[in-house]
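Have a look at the structure below, then the notes.
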Amino acid sequence: MKKQSFLLIILAVIFTVQLNAQNQRGPRVVSPEIHPDNSVTFRLLAPDATKVTISGNWMAGWGTQVEMAKGDSGIWSVTTEVLAPEFYTYSFNVNGVKTLDVQNVQVVRDGTRYENFVIVPGAASDVYAVKDVPHGMISKVWYPSPTLSKTRRMYIYTPPGYDESKDKYPVLYLLHGAGGDEDAWTTLGRTPYILDNLIAAGKAKPMIVVMTNGNAWSSAAPGEEPKAAAAPDYTQMARGGFEKSLVADVIPYVEKNYRVLTDKNNRAVAGLSMGGMHTQNISNSNPGMFGYIGVMSMGLMNDSRWATYNEEEHKKQLKSLQESGVKLYWIACGKEDFLIESVNNLRKLYDGMGFKYEYIETTGGHTWTNWRIYLAELSPKLFK
């Protein structure tokens, strides 16, 4: 009996010490908190701050900030209006200094910017939610690129069951936009979750997805290069180095080291923005290599920023591409995208030639909201 009483006293002391420690750390903070109506409350403990704001991509206008209110315990908070189901990024600003939500471990990098993210549930975000389905694997792969005189890194998604089977798989080469790198499609684009969910639902064929670094001047994402990172040089977009390396270095590496089907009808290339330009350049210059081509948020780039444009040469390339037997040429863009005019010009060129393509136009602009939608729409159309 005395022994039990002693143990109870010890437990009471431990509990008291833990409670005091928690009180010293400050009040418990929950952020973000998604409410049943899909409004969201964000909170930050900053008792000494004089002004705290939040900036999120659900707000109208880039860089818009909303002031948060300070409570008695030093917790600043704000509750949004009801939000549509979506992947939202946000950050706080405390006394003029940007900071992340320390209560939220979900962080994503967009170029050189780090943001927290929250996924508001619903039909629109369901396709990239984490579900209890078989999951594929993401591998970070270093490969030799003699074309660019570098050892470079790419991400490769292998579908559920790849390691256990002996099957060969079709391949989608998925290209990011300017400011991104090999990490973009997996994190911001939610590619592994989109493919996992579509494959589990029987809507997409199991496939390998190769996500390269389209920045010809670098080897890998910031902080991952063997040497000090080179300054971005977007003039290289017009030189075609990356496009040549994908054909000469990436595809041979993948086809040598992975169990893949190697005919054009089991090979696809798609990309957003700069990656859409890469997609056009690669497919135009290599007719018969890809049976499926997807161009997202990119159109006809025919001004001096992108090198000298020769319309007749372009038409010859397109005629050869058309004759090669492309099974699907797919274009997508948002109505508010700043490149919508270039997309319309590209479609006019194709229409004038009788070049067949599918086109979808969504609301919104040049955003990951649209590019996630496009990947989810395109994937089920591949390798049919």
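All of the numbers you see were taken from the coordinates with simple rules; none came from a lab. Only a predicted model underlies this, so the values are computations on that prediction, with no experimental measurement involved. Glycine gets a Cβ as well: all are built from the backbone with ideal geometry, and neighbour counts include every protein chain shown.
Just flag the chymotrypsin sites (Phe, Trp or Tyr not before Pro) in the stretch 280-384 sitting in loop per DSSP whose Cβ has no more than 12 other Cβ atoms within 10 Å.
When the chymotrypsin sites (Phe, Trp or Tyr not before Pro) of the stretch 280-384 are filtered for loop state and at most 12 Cβ neighbours within 10 Å, TYR309, PHE338 remain.
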Trypsin sites (Lys or Arg not before Pro) within the stretch 141-182: DSSP coil, no more than 11 neighbouring Cβ in 10 Å: LYS166
Over the alpha-carbon set of the stretch 137-381, work out the extent along each principal axis and list the three values in angstrom, largest first. 48, 44, 34
Determine, for HIS278, HIS314, the number of other Cβ atoms within 10 Å of each Cβ, and report the residues in order from fewest to most. HIS314, HIS278
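Which of LYS98, LYS205 comes first, and how do the rest follow, when ranked by fewest Cβ neighbours within 10 Å?
Values: LYS98 13, LYS205 16.
Result, fewest neighbours first: LYS98, LYS205.
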Can you tell me the orientation of helix 274-285 relative to the chain, as the angle in degrees between its alpha-carbon axis and the longest Cα principal axis, to the nearest 10? 20
So how much slack lies between TRP62 and TYR359, counting 0.36 nm per residue of separation and subtracting their Cα-Cα distance, in nm? 104.1 nm
Which of MET154, ASN310, THR262 sits closest to the plus end of the dipole of the stretch 137-381, meaning its Cα is farthest towards the positive end, when Lys and Arg get +1 and Asp and Glu get -1 on the C-beta? THR262
By counting other Cβ atoms within 10 Å of each Cβ, how are MET154, MET298 ranked from fewest to most? MET154, MET298
Starting from the Cα of SER149, step 7 Å along the direction of its Cβ; do the same at VAL133; then give the gap between the two resulting points in nm. 4.5
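Go through the stretch 327-373 and name the trypsin sites (Lys or Arg not before Pro) that are in a DSSP coil and have 12 or fewer other Cβ atoms within 10 Å of their Cβ.
Hits after loop and neighbour filter: LYS335, LYS356.
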For the chain, what is the charge dipole size about the Cα centre, in debye to the nearest 20, if Lys and Arg each add +1 at the Cβ and Asp and Glu each add -1 at the Cβ? 920
Cross-link reach list, aspartates and glutamates versus LYS319, counting only Cα pairs under 14 Å and skipping chain neighbours closer than eight places: GLU311, ASP351
Beta bridges per DSSP with both ends in the chain, % antiparallel, nearest 5: 60
How would the stretch 131-202 be classified by its alpha-carbon gyration tensor: rounded, prolate or oblate, with rounded meaning a/c under 1.5 and the a/b versus b/c comparison settling the rest? oblate
PRE reach from ASP167 (point 7 Å along Cα→Cβ): which of the stretch 179-204 fall under 19 Å by backbone N? 192-204
Candidate lysines for bridging to LYS98, where Cα separation is under 24 Å - those fewer than 8 sequence places away on the same chain excluded: LYS51, LYS70
Run down the lysines and flag those whose C-alpha is under 16 Å from the C-alpha of LYS203, throwing out any fewer than 8 positions away in its chain. LYS131, LYS381, LYS384
Expressed in nm², what is the orientationally averaged projection area of the convex hull enclosing the Cα positions of the stretch 59-191? 12.5
Please check: in the Gaussian network model of the chain (C-alpha springs, under 10 Å), which one of ASN284, ASN310, ASN197 has the largest mean-square fluctuation. ASN310
Putting +1 on Lys and Arg Cβ atoms and -1 on Asp and Glu Cβ atoms, find which of GLY299, MET277, GLY354 reaches farthest to the positive end of the dipole of the chain. MET277
Simple spin-label estimate for VAL102 and ILE34 in nanometres, 7 Å along Cα-Cβ: 2.5
Cα-centred dipole magnitude for the stretch 27-121, charges only on beta-carbon of K, R (+1) and D, E (-1), debye, nearest 20: 280
So for the stretch 137-381, taking the charge dipole from beta-carbon charges (+1 Lys/Arg, -1 Asp/Glu), which of VAL343, PRO192, PRO170 sits furthest toward the positive end? PRO170
Could you pull out every residue, at least 5 positions away or on a different chain, whose amide H is within less than 5 Å of the one on LYS150? Hs are placed 1.01 Å off N in the peptide plane, and Pro or chain starts have none. SER145
Quick one: putting +1 on the C-beta of Lys and Arg, -1 on the C-beta of Asp and Glu, what dipole do you get for the stretch 91-162 around its Cα centre, in Debye to the nearest 20? 460
Return the ratio Rg/(2.2 N^0.38 Å) for the stretch 27-121, where Rg is computed over Cα atoms only. 1.01
Stretchable slack from ASP110 to LYS51, in nm (0.36 nm times residue separation minus alpha-carbon distance): 18.7 nm
